[in-house]
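Shown next, in structure tokens, is the structure this report addresses.
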Amino acid sequence: MRLLRIAGQGGVLLAGLLTMGAGEAPTNSTSPVAPIELSGKDGAPMVVIPEGPFIMGSNDGAGNERPERKVYLDQYAIDKFEVTIGRYAKFLGGAKHASPSAWDDDSVTAAGDRPAVGLSWLDAEAYCKWAGKRLPTEAEWEKAARGTDGRRYPWGHMQPFVDIANYNRGVWVSDAVTLAPVASGVQGMSVRHGTKEGGKSPYGLYQMAGNAAEWVADWYDREYYQKSPERNPKGPAEGDKRVIRGGSWNDPPSGIRTTVRVSAEPDFQDRTVGVRCAMDVPK
């Protein structure tokens, strides 16, 4: 995952049940499931990820992705989309939070449906708390991105194409040009390859590969997978850096795999990094 450094620097509310569906993704299947969706306090739709095991990590990836193993997670909810510029602007006004260094007020109207980027981990955590949510754990993020069948990308093992993921752009132009709307990236694939669900994850989440990389809750430890618990791992108790997942508009295909782990200091801000939130769901 390539990072472009920028110069300088609750409670739970389930607003409504939107759709009901099947639950856990079947093992060794690339068929998406019909998720249960909830709306969070900030109005952003959320998907409930059912309780159960999934394959985490990759023995074919970098050293910090190993070993591949089975991890069991309790039920939780996670945002269907990356936090948008429009929603983040409401947070800035409502919480009187300082704007990120690269914040552009014109983008609120010109690119409000693009992901908010340039956020530090502290910014991301503050937004999720304001919205009555929390940051997802690294394990929660990965299960939501790849389902239970160990897929390399949210849509499966096939290499990405520009019509299902925003990646490998190379040069920053603007929020409106460089970033993709958080709900896009699913149409071209259905025409080219007959995959109607395009780049969505098995649980129906968008942009889990590319567009904006995403902060998660965990402290980073390169060797954490070798000693992490099998159930509900939450990362090390302390550390110097936090974990970033998903890759961004600036990454090559290898950088947007579902198992890639990158880290940065909590106050690090970058035009490649945004967030999506999670919350606990009672059983």
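What follows is calculated from the coordinates using simple rules that are stated; it is not laboratory data. Not measured: the values here are computed from a predicted model. A quick note on method: Cβ atoms are made from the backbone with ideal geometry, for glycine too, and the neighbour counts reach across all protein chains shown.
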By Cβ neighbour count within 10 Å, fewest first, 88, 76, 224 rank 224, 76, 88
R0 of 25 Å, Cβ-Cβ distance residue 267-residue 105: FRET efficiency to nearest 0.05
0.65
Sorted by Cβ density within 10 Å, fewest first, the residues 104, 175:
104, 175
Which of the lysines could a cross-linker span from residue 41 if the Cα-Cα distance has to be under 29 Å and same-chain partners fewer than 8 positions apart are dropped?
80, 90, 96, 129, 133, 143, 200, 234, 241, 283
Neighbour-count ranking for 107, 248, 254 (other C-beta within 10 angstrom, fewest to most) reads 254, 107, 248
In the stretch 36-280, how does Rg compare with the Kirkwood Rh, expressed as the Rg/Rh ratio over alpha carbon atoms?
0.93
